[in-house]
Amino acid sequence: MKSYYTTIEGRQVHFLKLGSGAPIVLLHASPQSSSMMIPFMKILSQQYTVIAPDTPGYGDSERLRGKKKKVADYCQFLNKLFRKLGLSNPAIYGTATGAQLAIRYALLYPKEVSHIYLDNAAHFTEDQRRKILKSYFPDISPRYDGSHIITVWTMVRDLFMFFPWCDADRKNRLKIDFPSAGFLHKIALQYFKAGDGYADAYKAAFNHERARYLQRVKIPGTLFYWQGSILKKYTKQLADHDLPDNIEVHKIPKDSTKRYDRMSRHIFKTYLGNTEYILRKKMKEVPIRPQADIPEFIHELPILKQDENGAYLVDAWFFLRDRQLYNNPGDKSLSSIKNAQTNLDPNYLQQLLLQWMERT
């Protein structure tokens, strides 16, 4: 597994690369990053060169310019990245937001992609979309009182209990296994890393979840209908539309441990590829988890003890606050107050928390 940075229009882009053979690009969900694709990359790399970029604004890729971003904006940026990398007619796999990017990419550049594989794709009615968008994307900007941590953890935790997460009604209860505290920690980490722009591509994708776009696709495509998806109901709404003959609906059993295996077997059969990909342009190779510019004391802190309620993150936040105010956070007496000027900017405290979380 190799990790690279390059620049497109002056914006830093990060991507992972693994394997050899014909190229396939994996596009992640929001607000996640290419790191979520690593298990799938390891399977697909048995036959392909697998490239997984961080969508602009997520992971270690810089955010796109402008306020109201559309799926097409991300696709145009990705097209410039693919051309810079010398990708010729790759297959594209996308999950959730990534699936909508794959659909729009196929519409914009039908001669530059050979096959699209759609996972966790959906169709929402206008009424469903309106109700979901009303409360789905709260502000998670860092706040000194730490309340943004509760907001993020509620979102992350309830994503696996209800869909939409913001409507805790019995009819929206999900019949899936609740994930481990470690898994929730990894997802929360990506929310914090994306920061106040976490909804950029996420919201754009929600507004793109319309069957009519997939119906216009002319190239070969596969719609994976995973029975364990939190979007199962809405994937069915998409699959029930009159899709063109070039789009195959492929059912994936509920068992999450076999999900990647079942999808990869289908991809191996349907995407042969006729050109082995070689990364010809020199890119800046970097560690998969860069550790630059981290204050020394962060390395000295204990590993965070995760829990499924997120209380450990609230404790960590107030510890970091106190450390900026007192020489010894465990001693809040008058004699322990720091005389030197300290940085209590919530954005700075959030960076410290993020760096601490990444050590876990």
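Read-outs: derived from the displayed coordinates by stated rules, not from any lab. Here the structure is a predicted model, which means the values were calculated and not measured. Because the Cβ atoms are built from the backbone with ideal geometry, glycine has one as well, and the counts that use them run over all protein chains shown.
Each Cα pair under 8 Å and six or more residues apart adds its sequence gap; the mean of these over the residue count of the chain is a relative contact order of 20 percent. Here the dipole of the chain is about 1060 debye; that uses its Cα centre as origin and unit charges on the Cβ of Lys and Arg (positive) and Asp and Glu (negative).
Listed values for segment 319-325 are Karplus-derived 3J(HN,Hα) couplings in whole Hz (6.51 cos²θ - 1.76 cosθ + 1.60, θ = phi - 60°), namely 5, 5, 4, 5, 5, 6, 9, and x replaces Gly and Pro. Note: segment 139-260, Cα convex hull, 137 Å³ per residue. Determine the alpha carbon to alpha carbon distance for each of LYS111/LYS251; LYS67/LYS193; LYS80/LYS232; LYS68/LYS171; LYS68/LYS218; LYS233/LYS305 and list only those over 30 Å. With Cα atoms farther than 30 Å apart: LYS80/LYS232; LYS68/LYS171; LYS233/LYS305. Relative contact order of segment 19-134: 27 percent, from C-alpha pairs under 8 Å at least 6 residues apart in sequence.
When a/c is below 1.5 the answer is rounded, else prolate if a/b is larger than b/c, else oblate, so apply that to segment 84-164 with a ≥ b ≥ c taken from the square roots of the Cα gyration tensor eigenvalues. It is prolate, given that a/c is not under 1.5 and a/b is the larger ratio. Model label points for ILE176 and LYS2, set 7 angstrom from Cα along the Cα-to-Cβ axis, are 3.4 nm apart. Is segment 1-150 best put as rounded, prolate or oblate by its Cα gyration tensor, with a ≥ b ≥ c the root eigenvalues, rounded for a/c under 1.5, and otherwise prolate when a/b is larger than b/c, oblate when not? Prolate, since a/c reaches 1.5 and a/b exceeds b/c. Each residue of segment 157-170 is assigned a 3J(HN,Hα), and the resulting list reads 5, 6, 4, 9, 10, 9, 9, x, 4, 7, 10, 7, 10, 3 Hz, derived from the Karplus form 6.51 cos²θ - 1.76 cosθ + 1.60 (θ = phi - 60°), x at Gly and Pro. In terms of the mean number of neighbouring beta-carbon atoms within 10 Å, the peptides 97-107, 18-28 order highest first as 97-107, 18-28.
Under the criterion of Cα pairs below 8 Å and six or more residues apart, the relative contact order for segment 77-193 equals 16 percent. Close amide-amide hydrogen proximity is noted between ALA22 and THR49, TYR277, each under 5 Å apart and 5 or more residues distant or on a separate chain (H modeled in the peptide plane; Pro and chain starts excluded). When the convex hull of its Cα atoms is viewed from all sides, the chain shows a mean projected area of 19.0 nm². Over the chain, DSSP H runs of length four or greater, each weighted -39,500 (n - 2.57), average out per residue to a 222 nm ellipticity of -11000 deg cm²/dmol.
When +1 charges are put on Lys and Arg Cβ atoms and -1 charges on Asp and Glu Cβ atoms, the dipole computed for segment 123-199 relative to its Cα centre reaches about 200 debye.
The spread of Cα positions in segment 137-184, taken along each principal axis and listed from longest to shortest, comes to 36, 24, 13 Å.
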